[in-house]
There are 4 protein chains.
Amino acid sequence: MRSVLDANTVREWGERYSNWGRWGDDDERGTLNFITSGRIMNACSIPRTGRVVSCALPFDEHGPQSGVGGRYNPIHTMLADGGDALAGAQDHFAGGFRFAEDAISMPLQCGTQWDALAHIYYDGLMYNGRDIRLVTSRGAKANSIDRLKADVVGRGVLLDLPRMRGCKWLDDGTAIMPEELDACAEAVGVTIESGDILLVRTGMMTRCLEQKTWRGYCAGPAPGLSLYCARWLYEREIAAVATDTWGVEVRPNETVDCFQPLQMVCIRNTGITFGAIFQLDDLAAACAEDGNYSFLFTAPPLPITGAVGSPINPLAIK
Amino acid sequence: MRSVLDANTVREWGERYSNWGRWGDDDERGTLNFITSGRIMNACSIPRTGRVVSCALPFDEHGPQSGVGGRYNPIHTMLADGGDALAGAQDHFAGGFRFAEDAISMPLQCGTQWDALAHIYYDGLMYNGRDIRLVTSRGAKANSIDRLKADVVGRGVLLDLPRMRGCKWLDDGTAIMPEELDACAEAVGVTIESGDILLVRTGMMTRCLEQKTWRGYCAGPAPGLSLYCARWLYEREIAAVATDTWGVEVRPNETVDCFQPLQMVCIRNTGITFGAIFQLDDLAAACAEDGNYSFLFTAPPLPITGAVGSPINPLAIK
Amino acid sequence: MRSVLDANTVREWGERYSNWGRWGDDDERGTLNFITSGRIMNACSIPRTGRVVSCALPFDEHGPQSGVGGRYNPIHTMLADGGDALAGAQDHFAGGFRFAEDAISMPLQCGTQWDALAHIYYDGLMYNGRDIRLVTSRGAKANSIDRLKADVVGRGVLLDLPRMRGCKWLDDGTAIMPEELDACAEAVGVTIESGDILLVRTGMMTRCLEQKTWRGYCAGPAPGLSLYCARWLYEREIAAVATDTWGVEVRPNETVDCFQPLQMVCIRNTGITFGAIFQLDDLAAACAEDGNYSFLFTAPPLPITGAVGSPINPLAIK
Amino acid sequence: MRSVLDANTVREWGERYSNWGRWGDDDERGTLNFITSGRIMNACSIPRTGRVVSCALPFDEHGPQSGVGGRYNPIHTMLADGGDALAGAQDHFAGGFRFAEDAISMPLQCGTQWDALAHIYYDGLMYNGRDIRLVTSRGAKANSIDRLKADVVGRGVLLDLPRMRGCKWLDDGTAIMPEELDACAEAVGVTIESGDILLVRTGMMTRCLEQKTWRGYCAGPAPGLSLYCARWLYEREIAAVATDTWGVEVRPNETVDCFQPLQMVCIRNTGITFGAIFQLDDLAAACAEDGNYSFLFTAPPLPITGAVGSPINPLAIK
């Protein structure tokens, strides 16, 4: 390990662990390309019980957002409801037909989400060498989330670090090293393979839910992947990685002079789709119960044209 | 067949094809209960190629909404973008870290969607005998879409009626009869089973996309399921049904004195989750190509607390 | 004074201080009818300096809302901006024309506001005997804010209670009695007249701004008008009344068995338009400076069709 | 008059009719500075009848927006309503207290509006030489609408061109020349003065409302001020100018190689606040009735922090 991690490390590793051009100059899917149809077939053969577990946190006003970066929790409003029926406002619908409808307003990054490859960039370029001028008020013209509309289906693997360590949750500031990811996989008899979708549980959300406060969850100190995982993610050919935290990587960042360095390297250079705010407690319980930490995993984004992220409801089929 | 279909028919059939109490008084999942873990295991064994096809229409300002019922197309706005980086508005992020974020405002019924069982009701009650007073401005306290957060995973079956009939699309006003659903399934060698998720393609969306106009798509005349399908859906134990139209059933309605009678019976009494505005063209092409009209199908809603519907990205895994 | 104020008092006083029918059965303007054209002419003759003072709190994310009642602070987003120009996203506009545009999402009650007469009701009826069934998800069909589109222009009077009492702000829970309103007016040489628009400063907002926290501002304990002011407001023929607090009246409420009793009587029965979250510090300073506590006052709501309130920018012209 | 108007004209006239620095380098109010307190006092002495006329178009889904530039009509939703009361959703409020609340989502440029001086720019600079980098996704840091929170109060003058010409409305493409503005003012006995707020009625909105279609209203051909008015507006020291059209100036533009040249010169260089989508029919009728085309005019924007425009309810007090 290096004595110092800094912005130079980010640029150097960014170049070293780059997948630019690997799948052609037009590619906008990044490491999701590792999920070949063969791997999807393999993933379909994993389920043993037919049990389905959701990894989504409910989308509502009690979500984790507290205003950091202008993000807010979902605002759900009714456009028609049972009260309207009682008030006679739907009496013009013949035969007693009555109905409810609703609407939502939310940042696409407010809850359980995938980040598009247009989400993070530096030095004027994003994944596959595309200019950030492509991302304006009218949306992203490249690397947007809609490019992944038939994606994020494959083998999922849960790495449950608190269970591995025998604690309820990792402390804030805990950097998860590649060796620990390997050890955790090995401990539950899983071999990480090319194209795997990795779910890393830190227990941070467990703590927030148990203590009934999201204080510090967004942008505060948090356990998470070390910048050293950049190489590991690249070499293992991980297709996507998600955690139960706000930003996947450890905070405070290991680089004093660089904000969110792992995202800089992995999203921009390696082209890995990052997921955040995953609710992994139910899945952890299910895996502990049946001893099986790999599963068929489906988590397609909503194809919102030009978006740089999407709320999702990721499912593990065990 | 009856000589007249009317509001009385709706009440009578509603009672006859009711599943209230079938899965307990607390049930909020309706016919999704037919999808047992065994059926999910069977569905996982269907894929032959590992090909994934999305059934979602892009979510953007070019969607089908034109203001009917206060519905509008998604409004996508950027909260941070590449232009901000150019303008120096992100210079306070150390190490050159730059990013884009965004938000959406949309009716939950504006695009590819599932309706919750709280979406349609009559005579003061919704599915499983619940009072419509439970659905107010603060959302639905029962039968809401979040109850289905680990649901809508199973065997999907596409019934491609235009292909069956040898036309590009069914004419507006075409009522699809149960016999035709059977014939269509038989023609492609599929036997409808309990717990199947049924996708019925009418070609209406194909026409709108080809003619580049959504005029009439929302609430206008449309091909769709006949009210006679209520019995068929009930007896075949269909778990969920979706079409490429605005409202699943034929329009103008077969009941002069009743608006959307099939929804009244199926959603409220039978407890079937309805899907609308599915983009089934890509799936139809894929099925025609490989001759396989059944597939593993996953289409979980976003668990928006208290919502009566959800935008979705339904995937067929073939 | 009564020994006990309760829900019975509210009904009794509601009947006693009612203006239902006073301006005809069709009236939707309530006590704003007291502002005759003659009074407007008089008000125009008040200004001595031509100085204009705004009573609006800035509309932004730093507003007082904290989620109480589902209210949130304004969400301001850019639809086009200078960054777009830098990124070349506006290059299709000829001749170098570049522009910025934006949007807002906000509860109409989130900041400086007028409440419509459709805002508060009890026993199934609102102002002028209208059924609350007229207020549904599609808006208010009567007593809505748009009915006041050419209204709230007249003589304004500031009653600056902290200045009168020689303190920075009134303590939470302080009930302001009618006698104090009279004394305060008299002290600054103003005679309250029919059709006056009354601005009552408690200093609560001053405290929040000085202490840099809105904690408790919304729905918490607060200084405000006593229920005993109901008679006074009615008899003095006040056209509209506003304060620098969340809800005009004292909190905790003087009626244990009744929430916001003054609003119940005044808005529903007397038909007085209430204003809240007014920023009265600048105006208080201006009045203290020139010794003139009456002024020409204009504060028309935005005519949002069917709305039950409106954000406003009230101006005092001195 | 020149033989050709083009982008060069815009730059040249922009320099010639510039007010940059006129009120100091910090100025963000532009020509509103012409409205001195003395002029406000004069304006207050104008009213003869105490009649108030609103110049706002209702803010609702029937507004003029059709999607041009991503603009949409206001979306008004209820957060609480009478139906909730009927459904018992407000039963936890003691004493029978019941209420309605609502929210709005709208582009700030969707209806009757003022444009901030940060709305239009070219060559990287906006009014008073400020860099467009100040206008990003987080709003405008200078020349924003909130800077005008105690502004736009003064003498208003209506120039009713259709009445002057004896027609119902001006044809699309009609360029209004400075001479006609003078003639129109003279015809009704008004002398244009420094600091006047000018309302120019073209009748285009009258036509749209009468023909019940907004087709072409936004960004289509329209009557409006000629680019030749730039000098006139500058020399007459007009404080603000508004019309009943989408964009104040004539369309198609008189400059083939330049979009909205009058806005480029007047907003960026002269620093004039432009208003659009004013409903001037009621005011025109009132002025015709009493023969008085000047009035006390108040139209403050909502002080939305960092916004580049604001919906308004402009009032003429006659």
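The values are calculated or read from the model by the stated rules, or taken from the named source; none is laboratory data. Given the structure is predicted, the values throughout are model-derived calculations rather than measurements. Here Cβ is always computed from backbone atoms with ideal geometry, including for glycine, and neighbour counts include all displayed protein chains. Quick note on the areas: whole protein, heavy atoms, side chains included, nothing else; ligands and nucleic acids left out. Shrake-Rupley method; radii C 1.70, N 1.55, O 1.52, S 1.80 Å.
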Checking the conditions here, which among D:Pro162, D:Pro74, D:Pro64 is within 14 Å of chain A (Cβ to nearest Cβ) and under 30 Å from D:Gly271 (Cα atoms)?
D:Pro74
Can you pull out the strands (runs of 3 or more DSSP E) entirely within segment A:208-318 that have at least 3 residues that are hydrophobic (A, V, I, L, M, F, W, C) and more than 11 Å from chain B (Cβ to nearest Cβ)?
A:240-243
Selection status of C:Glu210, at pLDDT 95 or above and over 23 Å from C:Asp182 (Cβ atoms)
yes
Mind listing whichever residues of segment A:156-167 are open to solvent by 10 Å² or more (accessible area, probe 1.4 Å) and either among the aliphatic types (A, V, I, L, M) or more than 14 Å from A:Val200 (Cα to Cα) (or both)?
A:Met164, A:Gly166, A:Cys167
Can you tell me how many residues within segment B:155-174 are over 19 Å from the mean Cα position of the chain (by Cα) and assigned to a strand (DSSP E or B)?
0
For segment D:123-141, what are the residues that are touching a Phe, Trp or Tyr at 6+ places or on another chain (Cβ under 6 Å) and buried (at least 24 other Cβ atoms within 10 Å of the Cβ)?
D:Asn128, D:Ile132
Looking for something at the interface with chain A (Cβ under 10 Å from one of its Cβ atoms), open to solvent by less than 30 Å² (accessible area, probe 1.4 Å) and free of Cβ contacts under 8 Å to residues at least 12 places away in the same chain - is there at least one such residue anywhere in segment D:103-115?
no
Looking at (1) at pLDDT below 95; (2) touching a Lys or Arg at 6+ places or on another chain (Cβ under 7 Å), find the lone condition where B:Arg39 falls short.
(1)
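Out of segment C:142-154, which residues are assigned to a loop (DSSP other than H, G, I, E, B) and open to solvent by 40 Å² or more (accessible area, probe 1.4 Å)?
Hit for segment C:142-154 is C:Lys149, nothing else.
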Look at segment A:35-50 and say how many of its residues are more than 7 Å from chain B (Cβ to nearest Cβ), of a type outside the set (A, V, I, L, M) and not in a loop (DSSP other than H, G, I, E, B).
2
In segment A:18-34, what residues are among the β-branched types (Val, Ile, Thr) and either outside any helix (DSSP H, G or I) or within 12 Å of chain B (Cβ to nearest Cβ) (or both)?
none
Filter segment A:285-318 down to the residues that are open to solvent by less than 10 Å² (accessible area, probe 1.4 Å) and among the aliphatic types (A, V, I, L, M) and list them by number.
A:Ala286, A:Leu296, A:Ala299, A:Leu302, A:Ile304, A:Ala307, A:Val308, A:Ile312, A:Leu315, A:Ala316, A:Ile317
With the requirement that a residue be part of a loop (DSSP other than H, G, I, E, B) and open to solvent by 30 Å² or more (accessible area, probe 1.4 Å), what does segment C:61-71 give you?
C:Glu61, C:His62, C:Ser66, C:Gly67
Within segment C:193-220, residues being over 17 Å from the mean Cα position of the chain (by Cα) and hydroxyl-bearing (Ser, Thr, Tyr) number 2
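Among the residues of segment C:257-270, which ones are in contact with a helix residue (DSSP H, G or I) (Cβ under 8 Å, 6 or more places away or on another chain) and farther than 13 Å from C:Asp115 by Cα?
C:Asp257, C:Cys258, C:Phe259, C:Pro261, C:Leu262, C:Val265, C:Asn269, C:Thr270
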How about segment D:116-143: which of its residues are among the acidic types (Asp, Glu) and more than 9 Å from every other protein chain (Cβ to nearest Cβ)?
none
Pick out the one residue from C:Ala89, C:Ala94, C:Ala100 that is within 14 Å of chain B (Cβ to nearest Cβ), open to solvent by 20 Å² or more (accessible area, probe 1.4 Å) and in contact with a helix residue (DSSP H, G or I) (Cβ under 9 Å, 6 or more places away or on another chain).
C:Ala89
Selection from segment A:77-86 of residues that are of a type outside the set (Asp, Glu), within 9 Å of chain D (Cβ to nearest Cβ) and in contact with a strand residue (DSSP E or B) (Cβ under 8 Å, 6 or more places away or on another chain)
A:Thr77, A:Met78, A:Leu79, A:Gly82, A:Gly83, A:Ala85
Is there a residue being more than 22 Å from C:Tyr217 (Cα to Cα) and among the polar types (S, T, N, Q) anywhere in segment C:161-184?
no
Output the qualifying pairs, or none if there are none: Cβ atoms under 7 angstrom, residues six or more apart or on different chains, first residue in segment B:185-209 and more than 22 Å from B:Thr112 (Cβ to Cβ), second residue open to solvent by less than 20 Å² (accessible area, probe 1.4 Å) and in a loop (DSSP other than H, G, I, E, B).
B:Val188/B:Tyr293; B:Val190/B:Tyr293
Residues in segment C:184-210 that are farther than 17 Å from C:Ala242 by Cβ and open to solvent by less than 40 Å² (accessible area, probe 1.4 Å): how many?
2
